Amino acid sequence: MMSMSTILEINQLSLATTNKKQLVTDVSLAVGKGKTIGIVGESGSGKSLTLRAIIQLLPPTIIKVGGTIRCESSCAMIFQDPVSALDPLCPVVRQVAEVVSYRQHLSRKTSRTKALELLALLGLPEDLKRNDRYPHQLSGGQRQRVLIAIALACRPGILLCDEPTTALDVTVQKQILELLAKLQRELNFALVFVTHNLAIASALCTKLYVMKEGRIVEQGRTQDILANPQHAYTKMLIDSVLHLPDLKGVIAGE
Amino acid sequence: MSDALQIKNITVNYGGFIALNQVNLQIDAHTTLGLVGESGSGKSTLAKVVAGLVTPDEGEVRFSEQVLRKRRTRMQHKAIQMVFQNPDASLNPKHTVRQILSEGLLFHHIVPRSQLMDRCRELLALVHLDEDALVRYPYAFSGGQRQRIAIARAISVEPNLLIADEPTSALDVSVQLSVLELLHRLKEKLNLTMLFISHDMGVINAVCDTVAVMRQGRIIEVSPKEQFFLHPKADYSYQLLSAVPRMPIFNR
Amino acid sequence: MKMHMLNKRRIFRKGILSNRAAGHTAATVSISILSALLKAMATVACIIVAVFFIIRIVPGDPVKMILGEHASPSEIIQMRHSLGLDLPLGQQFVRFLHHLFMYGDTGTSIIYNVSTRTLIAERTPVTLLLIVMAIAITIVVAVLLAMIAATHKDGLVDHLIRIFPTITLGMPVFWVGLLLILVFGVWLHWFPVGGTSGGLFGTLYSLTLPAITVAFSQIPSLVRSLRAQLLDVLGSDFVVTLKAAGIPNRVILFRHVLRNASIPTLMLLGVNVSYLIGGTLVIEQVFGLKGIGSLLFSAISSRDFPVIQGIALYCAVAVVLINLFIEILSGYLDPRLKGDD
Amino acid sequence: MLLLLVSLAVFAPLISRYQPAAQNLADILRPSSANHWLGTDQLGRDLFTRLIYAARTDLRIMILAEILPFCTGIFLGMLAGYYGKWIDALVTLMTNTLIAFPFYLIVIVVAFASGAGERGIYITFALVGWIVFARVVKGLSASLRKQEWVASAKVLGLPDSRILLFHILPNVLPQAIVVLMTDMVGLLVAIVTLGYLGIGIAPPTPDWGTMISEGQTFIYSKWWLSTIPGFAVVYTGIALSLIGDGLADLWRRK
């Protein structure tokens, strides 16, 4: 199944804590170049641990006990809680510029302009050029955009997203999801999207992996899984999504 | 049907920041009003005002025709109870479940001391938890179980109005469903009026009869559920509803 | 005069009411500094009141204490008058305040008959130097140890650094001084055992041992706090973001982590300063240094009230000033503090 | 460890045959020998007995002087943290003023003012000792106030007094006791320091501090005269702080 365009491939990955408590067992998945896959599961299913393993950022107490991870190009990651994912004492533009200068080996001056371009690309307000602001002065949505800017500064082939929109309001979430789709079309990076919300995953991803207690219980194309889920756990996940009557009302001047 | 709860032009501001701006709302007895809005819209503040945790700068809250002042009577305290969002902060870590449940029962003299234990067992049965939970401490329970204990504590004093401030947002999807069903059953069984707060449209649709939408401290729409979800009046409501990611439903 | 401040009593009352000034909206930098200033002034006002009452809390008659039991009644009356104790309390307080603002001190010393300000000023350099050196050593050593402990978590060094405070907590400052004298002075002759030999270098040299002793008492608590803060910040999400972005660990540690961790520890330093000064006073006795400490003890033995009041006042005001400086510094370091408190 | 120490102190009269003040001029400054385990001091008194008796006085004062500040500190801390606003400002003002005076300065002045002996220590520590507890408890109660189970207790209609007693106190006590342990060590050091400076416990009653100051004059030849009482203090210090750390871990896990 190893086709030329696969950019990231994991097989039989197993993770455990230092005192031998098994967390993730035999996880295998693959992502094609420019494709989007979703990992769906409830808290404690090991989905974000798998992401951290891909980017070799496992917490000290958790080690890889089996399996291999092969990525064709560099990875970058964005996180769930924008509040604590930025250094509160360092202005936003400077943080992005710092990443640019280290990853793209540019001088301080050019990396600052590059950083401002990135932030503009992500729709952040223009006045950042004049007075640089601290993270606590930005809204949740804006902070998440800064995190995406930092990730893009690494020119990643693969963007790993650990529930980036869970902490955001539904309207802001929609903007961020659309932004991610747009950026993916333009920069053609692969996207690994981790979430507990089946609705978001089904809207964004072409392929889904359902995880439960560290194992993949079902995988396949999104439509197939939603149409006829094989595993009982997947059925339960689908049924527990509270569906909404589809919106008919027409609002003048829409 | 007499209005169980009336909220008349309530205004609350925290040093310059206006959390609630002339809010008017009423909930009919034995119905459930869903309060929806984004973070910072003031929905939790409104809940705290009704529960008596926050005193409004202007306006008044009336419950079954009695005005609720800052110092509420014992009866008024008994009548309105609240369940909160964060399961790990909703129970006193140093108290056993028995102490948690019996505090309300004893203070409001719901049952004499002799029947205290049976009443606690009944409460646990109501929320589908078995008896040996009584002796254990909160840290020994999962998020879902802790919310059930919090619900048991709230209904222990037989309130008329139950305020639920995003009770299931911090829970996993599967657990969320079971807690919502529990709330639904209790509402029927104990004939409760409920004020249900959430940012999740799906939850509101599943639990509430009427829906109120809040934005920056103002109520911008109140309409019955059926009408709200099909063709909402306010533009902002439409925006909110269309932003919710929908799952394609296949005929299984 | 150094102390030409506004009349403290008015500020004292205003201090409490208005330090809730920092509102939510555009609270500019100045408001939070203003509130810090007001708090400091209110504290200084209380200190002055407390210093004034030191004599009053003495059970029994202070004058008898000074002149001893067998003083003749006339001597007692004369002394009582000179000290102004015969005036009604209110008047005494006004006289005390007046004197404080005019001469910036608390009256003249009974023994040396010189204004307490000159007496103290003459002795301050030694103590000041000792305190500055002690603080310097404490900060350098504490930061070093905490960094090592935090980066090599659960390594040998880390365990050592965790056990170290438990042991040193119980060591009285003067006893440590004695030990150091014994080891370095008596046996190894590295350092002079007492007094200060002439010249700047000489004094510095002879002050190193006492400075180390004082620092020794402060280092454990600082290391423990800084280490806990460092570990806490190292565990937070933004460090992971920076690592994921490929920033080298060294840069993350120094530019981001240390800065975040330093603020709470800075506050702790502010609190410990008063213990530090207290320790210095005691150490001067052990090392026989001619600083404020020895002046205090001589004033104690000779029952010299004004001098005791003067020393108490200066030390307390010094501590408040240092804490004020730290509060402003941390406000500068952490923009969140400036905005909404 | 502490039990050994306390038992030594309590049963001192049984263990040592000598009276602490019994001067035996014959064998002055003997090094450790059969009948004098730790040798004798310049007045020929048996060092070991003095050491144990000193433990009795010092430990007794330490415990007695802690009780009042411990209670007032917790009480004021809870009120300031729970109610906030003006009580908080008042307590903070009081703490800032009292903490500004270097601790030893106050101890010395009060000890001198109220005459040497235990009374001075009790007064000073009652005056100043409560600050460290108030500070810790205030922070804790302020954060506890925001916890939801406190809010639900209020909604239940429980009066503040009941909430403070049944909800805040049990959650604040463990931390306060941990602080008590470390603070007791500080107090012991203060008692001993006072003894050393000659304004603490009057000479006839044995005290570690006075023993050290007496030994200081013989520091060149008989160095152990000063160092041994010092070790006794350190020993108690270690015992107390170990208990403190142990309790801290215990409560953190529960």
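The values are calculated or read from the model by the stated rules, or taken from the named source; none is laboratory data. Here the structure is a predicted model, which means the values were calculated and not measured. No Cβ is skipped: glycine too gets one built from the backbone with ideal geometry, and neighbour counts run over all protein chains shown. We work out accessible area using only protein heavy atoms, side chains counted, and drop any ligands, DNA or RNA first. Shrake-Rupley method; radii C 1.70, N 1.55, O 1.52, S 1.80 Å.
Distant-in-sequence amide contacts of A:GLY214, defined by a placed amide H-H separation under 5 Å and a gap of 5 or more residues or a different chain, comprise A:GLY46. Taking amide H atoms as placed 1.01 Å from N in the peptide plane, the amide H of B:ALA4 lies under 5 Å from those of B:ILE27, B:ASP28, B:ALA29, each 5 or more residues away in sequence or on another chain. Only one residue of B:LEU126, B:ALA140, B:LEU106 has its Cα farthest out toward the positive end of the dipole of chain B, where Lys and Arg carry +1 and Asp and Glu -1 on Cβ, and that residue is B:LEU106. Using alpha carbon centroids, what distance separates the stretch B:128-152 and the stretch D:147-166, in Å? Each part's Cα centre sits 20 Å from the other's. Pairing chains C and D buries close to 4100 square angstrom of accessible surface in total, based on protein heavy atoms and a 1.4 angstrom probe. Across the stretch A:10-21, rounded Karplus estimates of 3J(HN,Hα) from the backbone phi angles (6.51 cos²θ - 1.76 cosθ + 1.60, θ = phi - 60°) give 10, 9, 6, 6, 10, 10, 8, 6, 4, 9, 6, 8 Hz, Gly and Pro being marked x. Entry note, chain B: the mean residue ellipticity at 222 nm calculated from DSSP H runs of n ≥ 4, each adding -39500 (n - 2.57), is -10500 deg cm²/dmol after division by the residues and rounding to the nearest 500. Counting Cβ atoms of other protein chains within 10 Å of each residue's Cβ and taking the mean over peptide A:169-175 gives 6.
With R₀ set to 51 Å, the beta-carbon distance separating B:ALA125 from A:LEU187 gives a calculated FRET efficiency near 0.35. Here each label is just a point 7 Å from Cα along the line to Cβ, and for C:SER236 and A:MET236 those points are 3.7 nm apart. Each of the peptides D:59-72, C:297-310 was scored by the mean count of other Cβ atoms within 10 Å over its residues; in descending order, highest first, they stand as C:297-310, D:59-72. Calculated mean residue ellipticity at 222 nm for chain A: -10500 deg cm²/dmol, from DSSP H runs with n ≥ 4 weighted as -39500 (n - 2.57), summed, divided by the residue count and rounded to 500. The HN-Hα couplings worked out from phi for the stretch D:228-244 by the Karplus form 6.51 cos²θ - 1.76 cosθ + 1.60 (θ = phi - 60°) are 4, x, x, 4, 4, 5, 4, 4, 4, x, 4, 4, 5, 6, 4, 4, x Hz, whole numbers, x standing for Gly and Pro.
Per residue, the accessible area of chain B comes to 42 Å² when a 1.4 Å probe rolls over the protein heavy atoms. Lys-Lys pairs in the stretch B:5-241 that are eight or more residues apart or on separate chains and whose Cα atoms lie under 23 Å of each other come to 20.
In this calculation the C-beta distance from C:GLN78 to C:VAL186 is compared with R0 = 45 Å, giving a FRET efficiency of 0.35.
Once the partner protein chains are put back, the stretch D:67-103 shows a loss of at least 20 square angstrom of accessible area, versus the chain by itself, at D:ALA89, D:LEU93, D:ASN96, D:THR97, D:ILE99, D:ALA100, D:PHE101, D:PRO102, D:PHE103 (probe 1.4 Å, ligands and nucleic acids excluded). 3J(HN,Hα) along the stretch B:112-124, derived from phi through the Karplus expression 6.51 cos²θ - 1.76 cosθ + 1.60 where θ = phi - 60°, amounts to x, 3, 4, 8, 4, 4, 4, 4, 4, 5, 4, 4, 5 Hz, with x in place of Gly and Pro.
Using DSSP loop states and a limit of at most 12 other Cβ atoms within 10 Å to flag trypsin sites (Lys or Arg not before Pro), what is the longest stretch of chain A containing no flagged site?
With trypsin sites (Lys or Arg not before Pro) excluded where exposed in loops, chain A gives A:131-247 as its longest stretch.
Put simply, the amide H of B:GLU221, placed in the peptide plane, has neighbours under 5 Å in B:VAL213, leaving out anything fewer than 5 places away on its chain.
Using just the C-alpha positions of chain A as equal point scatterers, what log10 of I(q)/I(0) does the Debye formula give at each q in 0.09, 0.11 1/Å? The calculated log intensity ratios at q = 0.09, 0.11 Å⁻¹ are -0.43, -0.64. Counting Cβ atoms of other protein chains within 10 Å of each Cβ in C:37-50 and taking the mean gives 3. Only protein atoms count toward the accessible area here, which uses a 1.4 Å probe; on the stretch B:5-241, the carbon and sulfur part of that area reaches 48 percent. Relative to the longest principal axis of the Cα atoms of chain B, the long axis of helix B:173-190 makes an angle of roughly 80 degrees.
Of all accessible surface on chain A at a 1.4 Å probe, what whole percent is carbon and sulfur? Result for chain A: 54 percent of the exposed heavy-atom area is carbon or sulfur. Between B:SER102, B:SER198, B:SER114, the Gaussian network model of chain B with springs among Cα atoms under 10 angstrom shows the greatest mean-square fluctuation at B:SER114. Mean partner shielding of peptide B:97-109, defined as the number of other chain Cβ atoms within 10 Å of each residue Cβ, is 2.
Taking both sides together, the accessible area buried where C meets B is about 100 Å² for a 1.4 Å probe.
What accessible area, summed over both chains, is buried at the B-A interface (1.4 Å probe, Å², nearest 100)? Adding both sides of the contact gives about 3100 Å². Compute the Cα gyration tensor for chain B, then decide on rounded, prolate or oblate, letting a ≥ b ≥ c be the square roots of its eigenvalues: rounded whenever a/c is under 1.5, prolate when a/b is larger than b/c in the other cases, and oblate in all that remain. Oblate, because a/c is 1.5 or more while a/b does not exceed b/c.
Quick one: dipole size for chain A, taken about the Cα centre, charges +1 on Lys/Arg Cβ and -1 on Asp/Glu Cβ, in debye to the nearest 20.
In total the dipole reaches around 740 debye.
Other residues within the sphere of radius under 13 Å centred on the Cβ of C:PRO210, judged by their own Cβ, net out at 0 (K and R +1, D and E -1). When the inverse distances between all different Cα atoms of the stretch D:47-253 are averaged and flipped, the Kirkwood radius reads 18.6 angstrom.
Between D:THR72 and B:ASN191, the distance separating the two model label sites (each 7 Å from Cα on the Cα→Cβ line) works out to 5.7 nm. In whole Å, how far is the Cα centre of the stretch A:110-165 from that of the stretch C:233-310? So the separation of the two Cα centres works out to 38 Å.
How many Å² of accessible area per residue for the stretch A:88-155, probe 1.4 Å?
On the way: 2910 Å² over 68 residues.
Solvent-accessible surface per residue comes out at 43 Å².
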